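Here is the structure we will look at.
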Amino acid sequence: MVLAQLGGSISHTLQQMSNATIIDEKVLSDCLNEISRALLQADVQYKMVHDMQSNIKRIVNFDDLAAGHNKLGIIQQVDFIQQAIFNELCKMLDPGKPSFTPKKGKTSVIMFVGLQGSGKTTTCTQYAYYHQRKGWKPALVCVDTFRAFCQLNQNATKAKIPFYGRYTESDPVKIAAEGVERFKKENCDLIIVDTCGRHKQEAALFEEMRQVSEAMKPDLVIFVMDGSIGQAAFDQAQAFKQSVAVGAVIVTKMDGHAKGGGALSAVAATKSPVIFIGTGEHMDEFEVFDVKPFVSRLLG
Ligand code: GDP
């Protein structure tokens, strides 16, 4: 029954397994190796793939498998293994605690962090627009460079969302504090701060993040990661988590070829859930994260 949820190459592997006359340790190992290959290609971290393999092997009872030599028994066992793989991956995307949830009508300050190019500025607008359509009163603050200032300002104007930024002021801490103060006075209930991005994970960037966070005391820090980042996701997410209290993750560019397996690493590194995914550059190409279709795509 889970076959429908699993993607192409993996369903094929599992289909082959259900055609086997016996499922023993070797058949299961071969099958798990195939699945692991697909997950590594989907950018899931090696260690997580290895853990998933070990967990599945631990929960499969070979005595039961030996008892199920008939066709029905084998199909039931394959079903069980499929479900176990699916559940293991879902578990890896569940940090065990929900993220802070802002409440409409009550001011929350949300700080966005991520490397330049991750889609952070686009995501800030999408997050604001998503809430605006649901009757919130969001506002955008830009403490980033001239480029991001212009982009966020334009987006905000287009969506009729109040915007604060000063590209002549070079102190991001000052801009952040001013912007947050202004929008608190205006009774905005969602103050979204787009922070500085750099191309690389460098000490100066993290120190700046720490200072901005200390000045603003955000209710939630969201780490934005490019869905195609690959195996670098864990280190990148961990580096941000070490500087600021990341409490949620948004994965962008899920409209491309990338499967977004780095999201599992980001969840592990930040111990925070994925809350939304970006599926394009436009304001409304933004969806609430749903674990089951995400895992199906990973396995596809
Ligand atoms: P920032 O440097 O992290 O603020 O990233 P930007 O928001 O400027 O995004 C970098 C590039 O990625 C821009 O060209 C965006 O239009 C593009 N982008 C952002 N999010 C998405 C997405 O979900 N899908 C696609 N295809 N492009 C995106």
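Contour minus end-to-end for Asp255 and Lys97, with contour as 0.36 nm per residue of separation and end-to-end as the Cα-Cα distance?
Between Asp255 and Lys97, full extension yields 54.1 nm more.
With everything on Cα atoms, drop me the angle between helix 46-59 and the longest principal axis of the chain, reported from 0 to 90° to the nearest 10.
40
What angle do you read, to the nearest 10 degrees and between 0 and 90, between the alpha-carbon axis of helix 233-243 and the longest principal axis of the chain?
Long axis of 233-243 versus the principal axis of the chain: about 40 degrees.
Between beta-carbons, use under 9 Å as the cut-off and find the net charge around Gly105, counting Lys and Arg +1, Asp and Glu -1.
Around Gly105, the charge tally is +3.
If you take every residue apart from Gly135 with its C-beta less than 12 Å away from the C-beta of Gly135, what net charge results, scoring Lys and Arg +1 and Asp and Glu -1?
+3
For q values of 0.27, 0.31 Å⁻¹, compute log₁₀ I(q)/I(0) with the Debye formula on a Cα-only model of region 160-209, without solvent.
-1.09, -1.25
Based on the alpha-carbon gyration tensor of region 150-300, what equivalent-ellipsoid semi-axes (square roots of 5 times the eigenvalues) come out, in whole Å, largest first?
Working through the eigenvalues yields semi-axes of 27, 19, 14 Å.
Return the calculated 222 nm mean residue ellipticity for the chain, to the nearest 500 deg cm²/dmol, obtained by summing -39500 (n - 2.57) across DSSP H runs with n ≥ 4 and dividing by the residue count.
Per the formula, -16500 deg cm²/dmol.
Take the alpha carbon atoms of region 159-203, find their center, do the same for region 226-300, and report the distance between the two centers in whole angstrom.
Taking the Cα centre of each part, region 159-203 and region 226-300 sit 23 Å apart.
What order, most packed first, do the peptides 276-283, 172-179 have when packing is the mean number of other Cβ atoms within 10 Å of each residue?
172-179, 276-283
Quick one: helix 25-41 against the long Cα principal axis of the chain, what's the angle to the nearest 10°, folded into 0 to 90?
Orientation of helix 25-41: about 20 degrees from the principal axis.
Under a point-charge model restricted to the Cβ atoms of Lys and Arg (+1) and Asp and Glu (-1), what is the dipole moment magnitude of the chain relative to its Cα centre, in debye to the nearest 20?
For this selection, approximately 820 debye.
Dividing the convex hull volume of the alpha carbon atoms of the chain by its residue count, what do you get in Å³ per residue?
120
Laboratory data are not the source of any read-out in this text; all were calculated from the coordinates shown. None of these values were measured; they are calculated from a predicted model. Please note: Cβ atoms are built from the backbone with ideal geometry, for glycine as well, and neighbour counts cover all protein chains shown.
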